[in-house]
Amino acid sequence: MLTVCIPVKVPEPYLTAVLKRIEEIRRIEPNLISDVLTCNKGSLAEARLSLAEKAQTEFILNLDADTLIPVDYPYKAVSILIQSPLVGAVALNYSSKPQSHLAFGTSIMRRKLMLEMYDWKSIRESRGCECLYMWRKLMNLGYHIAWSPMNAEHLKHV
């Protein structure tokens with residue numbers, strides 16, 4: 001089972017579309033997503049950590065509130081995590097304006113790892129983006145990041 005964790009900045013114009021996509025995934029895979037949690041308090045980092053603490057499942061989908069994921073991505077990512085204990089996260093890139101690295105805001109990871117290692121504060125304090133900061137920490141713990149050839153859609157750039 002999977003918990004979808006969405007930090008939200010109010011107002012968030014794309015949240016309705018993101019939640020609609022999650023419901024579409026739930027219709028296709030009714031036993032996959034147990035809960036969808038949102039948080040609009042504090043910084044992005046405070047919201048992500050608060051959501052991970054509230055989650056009750058083995059896996060978390062870190063999902064930015066302006067990002068649509070492919071409908072078959074969660075099922076395939078959870079399957080990879082179950083089959084490969086040394087994979088700590090499965091991530092995507094974006095179809096529009098791809099990044100030079102995989103996105104943390106589209107990653108599905110083991111909840112225990114998120115709770116153990118998530119301490120990102122800000123770009124200024126960490127000297128880099130959240131994605132690269134978290135992937136470096138994950139790999140330093142001996143885990144791998146799996147890449148999915150699917151792409152997320154960043155709605156701000158469409």
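Numbers below:
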read-out	value
In order through the range 139-152: 3J(HN,Hα) via Karplus (6.51 cos²θ - 1.76 cosθ + 1.60), integer Hz, x for Gly, Pro	5, 5, 7, x, 9, 10, 10, 8, 10, 9, x, 6, 10, 8
Farthest toward positive dipole pole in the chain [+1 Lys/Arg, -1 Asp/Glu at C-beta], among Ala65, Ile28, Ala17	Ala65
In sequence order, calculated HN-Hα J values of the range 73-86 (Karplus, 6.51, -1.76, 1.60; Hz; x Gly/Pro)	4, x, 4, 5, 5, 4, 4, 4, 5, 5, 6, 10, x, 8
Among the listed pairs Lys97/Lys137; Lys41/Lys76; Lys41/Lys121; Lys112/Lys137; Lys41/Lys112, those beyond 20 Å (Cα-Cα)	Lys97/Lys137; Lys41/Lys76; Lys41/Lys112
Cut-off under 5 Å, modelled amide H: who pairs with Phe59 long-range	Thr3, Arg111
Residues with amide H under 5 Å from that of Leu102, placed H, sequence gap 5 or more	none
Distant-in-sequence amide H partners of Asp35 (H built 1.01 Å from N, under 5 Å)	Leu2, Val4
Hz values of 3J(HN,Hα) by residue in the range 44-51 - Karplus curve (6.51, -1.76, 1.60), Gly and Pro given as x	3, 5, 4, 5, 4, 5, 4, 5
Listed candidates [x] 55, 38, 26; [y] 83, 39, 31; [z] 37, 37, 31 - label of the one calculated as Cα extents along the principal axes in Å	[z]
Cα centroid separation, the range 68-88 to the range 136-153 (Å)	11 Å
Charge dipole magnitude, Cβ of K and R +1, D and E -1 - the chain, Cα centre, debye nearest 20	260 debye
Local electrostatic count, Ile145, Cβ distance below 15 Å [Lys/Arg +1, Asp/Glu -1]	+3
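A short reminder: the numbers here are calculations on the coordinates, not readings from a lab. Source: prediction; values computed, not measured. Cβ: placed from backbone, ideal geometry, glycine included. Neighbour counts: every protein chain shown.
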